[in-house]
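Derivation of every value follows stated rules applied to the coordinates shown; laboratory data play no part. Because the structure is a prediction, the values reported are computed rather than measured. Glycine also receives a Cβ, built like all others from the backbone with ideal geometry; neighbour counts cover every protein chain displayed.
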């Protein structure tokens, strides 16, 4: 096999007791989820094998614009699979076996050795279903009346035992058969657990993300889109700003509480987008801009509510510094994001993250950046509101955003200098 040949994605969507191809899991039909996962992992072009009497399955998958190029083969036998597989390598996905996308990625990147007809995803030596193979693998599928998916797995086990196929252990990656209730539950939980990010701040990791995923699980089958939830989240920030602008203890506390909910709900749009494959550049920009504007309106509201206090002029000045610094920092990042063709703040690269061997200072910066994120400060503002000192969050915000603006400026100048120096060499 040519080591550089890209395998195509082949989805087997034939009837399986307990899991029809159109059954939904976390907002998507099973066959469509398999197709979108393969496409995301660059196993393309795609081919879908469906039963001759189930044209609705092919229409449901092929009719989704996110799938793109798709060959639909209506044949529920081995000949149909062979026709869909073609002459080159293919990554096989079974609609009723939902897996960590990293398994498909590992199969796509694998190569077949001399005499091998398949690389098979395994757990404890047992074939799971997904595999990388050529059409020669299909010669070993036994005849019989059992479902084709069962016979494919029997062939995989036999080839592993004979040494003609190589095992690719999933190494802790999740895999679940959703034709069983426990497997369906496990797959549902795993899809949302994958929404947790290594870049989540301290409060987000231990509080916000638990609540946002709880909410996302319960609305994933509703018509709410990620962009709709971004708009709802922004309304919480506006309501919070309106409350803190009044200046009374009760309304300051309510405003901080609403801003905390803005921080919590900020994770829902991304979770829905990831689980339902609804990511878009527009959605990224809506989330990023709404996030920054939420902070601006909250600081503006808090400045209005603090203006009449004994140190009102100082607090309003701090609000101006915080807002100006935030705008200056965001402008620099937005320019870079436009160049990258992304609206996701986390697509920006930082030197301390790329360093192969991090110095003590780089590790310290990374640790502080993990702690002092927006989620931490918003929760701090809520605590300050409880103790009746929320207006003094403005000096903290001014210091934090001014520092972040300075770091962004140093980074921007450093990157511009680096580009200029490299272009002059």
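When 401, 311 are arranged by Cβ crowding within 10 Å, least crowded first, meaning fewest neighbours, the order is 311, 401. Of the peptides 92-100, 340-348, 167-175, the ranking by mean beta-carbon count within 10 Å, highest at the top, reads 92-100, 167-175, 340-348. With a simple spin-label model that places each label point 7 Å from the Cα along the Cα-to-Cβ direction, the separation between residue 313 and residue 386 comes to 3.5 nm. Between residue 349 and residue 198, the modelled label-to-label distance comes to 1.6 nm, taking each label 7 Å out from Cα in the direction of the beta carbon. Compute the long axis of helix 312-340 from its Cα atoms, compare it with the longest principal axis of the Cα atoms of the chain, and write down the angle in degrees, 0 to 90, nearest 10. Relative to the chain, helix 312-340 is tipped by roughly 30 degrees.
Mean residue ellipticity, 222 nm, helices only, the chain: the sum of -39500 (n - 2.57) across DSSP H runs of n ≥ 4, divided by residue count and rounded to 500, is -18000 deg cm²/dmol. For the chain, the longest principal axis of the Cα atoms and the long axis of helix 226-244 meet at an angle of about 20 degrees.
Per-residue Cβ neighbour counts within 10 Å put 251, 272 in the sequence 251, 272, beginning with the fewest. Taking other C-beta atoms within 10 Å as the exposure proxy, 299, 334, 381 rank 334, 299, 381 from fewest upward.
Which of the peptides 176-186, 47-57 is most tightly packed, and how do the rest follow, going by the mean number of other Cβ atoms within 10 Å of each residue?
Taking the mean over residues of other Cβ atoms within 10 Å, the ranking is 47-57, 176-186.
Of the residues 408, 19, 121, the one that moves most in a GNM of the chain with alpha-carbon contacts below 10 Å is 408.
In percent, rounded to a whole number, the relative contact order of the chain is 13, using alpha-carbon pairs under 8 Å and six or more apart. Beta bridges from DSSP with both residues in region 8-177: antiparallel share about 40 percent, rounded to the nearest 5.
Could you check how many percent of all C-alpha pairs in region 161-259 are farther apart than 22 Å?
Percent of Cα pairs beyond 22 Å in region 161-259: 56.
Helix 281-306 and the longest principal axis of the Cα set of the chain meet at an angle near 20°.
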